[in-house]
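For reference, the structure discussed in these notes is given below.
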Amino acid sequence: MAQSAKRYWNMKVYITALMVSITLSLLVVTLVVSHVWLKNFLREETRSQLSWQMENTKNNVEYFVKVKLSALKYISSQYSSEELLNHETLYKCFTAFKRDFGDVVDLGVIDADGVMRSYVGPYNLSGNDYSNHEWFQKTVVEDTYVSDVFTGYRAIPHFAIAVKKPSPNGKGFIVIRATIDMATLQNLITAVRLKEKDDVFIISQKGVMQTPSRIYGSVLGKYPMAVPVNQPGVNIMDLDQPYGSGGIRGYAYIKNTPWILVAVIMSRADAIIGRIFLKELLSVFILSLLIIFAATIRMAHVMVNWIKEADRKRENALTEIEHSSKLASIGRLAAGVAHEINNPLSIINQNAGLIKDILEMSCESMNVEKFHAFIGEMKNKDKFIQLSNGILDAVNRCRTITHRLLGFARRMDVTYELIDLNETIIEVIGFLEKETIFRSIQLVKDFAPNLPAITTDKGQLQQVLLNLVNNAIDAVDRGGSIEVSTKQKNDTTVVIIIRDDGPGIDPDILDHIFEPFFTTKERGKGTGLGLSISYGIIKKLSGIINVESTPRKGTVFTVELPVKDAQHYKERPNGANYGSG
Amino acid sequence: MVQIMAQVKVLLVDDEKDYAVTLKERLQLRGYDVQAACTVEDAFEAADSSNPEVILLDMKMPGMDGADVFNRLKSSHPDVEIIIVSGQGAMNERAKEISGRAFDYLIKPVEIQDVARKIQEAWEKRSSRLPEGGRDAGGKDAN
């Protein structure tokens, strides 16, 4: 009982473990997939966001520069060179410029020789020579120019926007220049939303830092990476090591300027995933785990209870079937036993009747003379002794039969005992020997001598043997033969072999003969339960029952039994009823 | 007791020798001409040699099915009346098959009066069925 409880417990644990592991693994797969998906999504999102922000910033810078350039062009077209060289006019222009567009630091006019001829601004730059400055030379060549950031005379990083204004006579020119602080440029690009580790800055096409960078150092330093190739729009690429995997770098050439907007996003987009998972999913995860556990344990409990119930029902059904099978075999025995007992009863009847006849006849008047001699011949001591012995013999025969029957009936209860296998078989055969004689069946007994006494349930074993031998008798024809033999297989196992030379069993049928309700006998002749019950009993006795059959040659049933039923010693089988026999 | 009557020829077939012999003696005491056979072979031999009028046949004989014995006796001796004696209450299919052609059947253990009466009835039936000449001498003054 304890064993079956443990079995159900194990079943419960097993089902729970199985279900939990299945659901857990599904949950984990879902988590991993969603993690990967979210990570990719966030990265894509970061990329597109960066791209969008950079595009905006790039446009802003472009617009910023364009507006300043337009203003300068406007000034250049609206005023003559003379007017512009006039400090008053230039001051007016500068205040208007500053009022309308802001951000400009100063405004200056440089003549064709590169000398600052007129200047409005916070620095004293009048008379400075710019002829060697790159921006001046470029402006001369290109008419309008936006310079790199440089420190120049004032030692503050700034850049210049310059417009060349040719003289109306075609000879000579002046250059109108406005400068803007690098800080203004930097402010423009801070529109790109940054996180702690991220960086956005501008480099020149020559690879010089135009605004300070968190990663690559201060302004006018060297940009350590290769200057990207000019491609329209915003380009985003994965950041190479050692700047961290998962990071991205974006760059965009700013039109009409020598600048490239660069953004480095080091903060991993998926860093927030952990937080999301921890914050929001963990509780959901734990909750679902709890639900899964609770549901699974409940389900396992219900399922195991079903199994338990089914087992119990099956056991009950089997017990019932076994019982009815016992009744059936008793019924079969009864017919044989009736015949066996009726014969000695008849002898007793006739012998006693004859004694009575003789005595009565002697008392009567013997009116027929010719019988007198006959009576006289019979009426002696020897005759009576002979008749009495006949009666006693018959009584003995009856007693043998009734005792055997009682023994058999008693052993219908489950009880283990030490038995002599050969004797047990002889007892069983004793019931059936008469039938074999009547049908001229040769019953060969080939018992191994010195078989060890085995511990088993004698009654149940006899039921099986009775069934097997009965089947053999049914199978063979008149004049056939049945051989019952025993042998020792090894130290722990003995074997009973029941061989008949009947028609054999069809190979198709052979696989099914131990199944319940399978019968080849006519309707009403067999329950189809004998062999299945025999199978069940032998299994219960820790034995093995096997069948081999060759069509037209015969069938061999082999029953192997343990000398000591291990199961019996470990734990007594369910329903074992000890000591009631 | 019993009137000693005409010598009805009876053949007892039963494998229980004690039973057969005692029953034979008891029937003899009652005036029947009885022979006993304990094997199938003896039964056929006795039937052939003494030509019985009534046979008491045990259906369970070693070596041959009772129905087969019945059929053989009936075919070699069509006039004989056979009373079946069985140790089993229930008859098998073959026994039922032939029981219609038997005069009657008795279940062991049998009472001597019943046996004697059945034999008498069987003999009377046989006598009424057969012409006078077919009967054995001595059987005439029965009743």
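Under the rule a/c < 1.5 gives rounded, and otherwise a/b versus b/c splits prolate from oblate, where does chain A land using the Cα gyration tensor? Prolate, since a/c reaches 1.5 and a/b exceeds b/c.
Length available on full extension from A:Leu287 to A:Asn56: 0.36 nm per residue minus the Cα-Cα distance, which gives 78.7 nm.
For the peptide B:10-21, the mean number of other protein chain Cβ atoms found within 10 angstrom of a residue's Cβ is 4. Could you give the DSSP H helices of chain A that reach 24 angstrom or more along their long axis (alpha carbon positions) and whose average Kyte-Doolittle hydropathy is no lower than -0.5? Helices meeting the criterion: A:2-78, A:282-363, A:381-410, A:421-438, A:458-475.
Would you work out if region A:60-175 is rounded, prolate or oblate? Take a ≥ b ≥ c from the square roots of the eigenvalues of the alpha-carbon gyration tensor; rounded if a/c is under 1.5, else prolate when a/b is larger than b/c, oblate otherwise. Rounded shape, in that the Cα axes give a/c under 1.5. Chain B contacts chain A over a buried accessible area of about 2700 Å², both sides summed; the probe is 1.4 Å and only protein chains count.
Tell me, what is the FRET efficiency for A:Ile297 and A:Arg7 to the nearest 0.05, using R0 = 22 angstrom and their Cβ-Cβ distance as r? That gives a FRET efficiency of 0.80. With a simple spin-label model that places each label point 7 Å from the Cα along the Cα-to-Cβ direction, the separation between A:Lys381 and A:Glu423 comes to 4.0 nm. Considering every alpha-carbon pair of region A:400-506, the percent of pairs per 10 Å bin, from zero through the bin containing the longest distance, is 14, 44, 33, 9. Taken one residue at a time, the phi angles of region B:21-29 give Karplus couplings (6.51, -1.76, 1.60, θ = phi - 60°) of 5, 5, 4, 4, 5, 5, 5, 4, 4 Hz. Gly and Pro are set to x.
Extension gain, A:Lys66 to A:Gln78, is 2.5 nm, computed as 0.36 nm per intervening residue step minus the present C-alpha separation.
Solvent-free Debye calculation, one equal scatterer per alpha-carbon of region A:1-269: log10 I(q)/I(0) at 0.10, 0.16, 0.17 Å⁻¹ equals -0.61, -1.14, -1.23. Applying 1/(1 + (r/R0)^6) with r as the Cβ-Cβ distance of A:Lys171 and A:Asp129 and R0 = 35 angstrom yields a FRET efficiency of 0.95.
Rounded to the nearest 0.05, what FRET efficiency do B:Ser50 and A:Thr558 give with R0 = 35 Å and r taken as the Cβ-Cβ distance? Could you check? Computed FRET efficiency for B:Ser50 and A:Thr558: 0.10. Charge tally around A:Val149: other residues with Cβ under 13 Å, Lys/Arg +1 each, Asp/Glu -1 each, net -1.
The values are calculated or read from the model by the stated rules, or taken from the named source; none is laboratory data. None of the values given here were measured: they were computed from a predicted structure. Note that we place each Cβ from the backbone using ideal geometry, even for glycine, and neighbour counts take in every protein chain shown. For accessibility, only protein heavy atoms count, side chains too; no ligands or nucleic acids. Shrake-Rupley method; radii C 1.70, N 1.55, O 1.52, S 1.80 Å.
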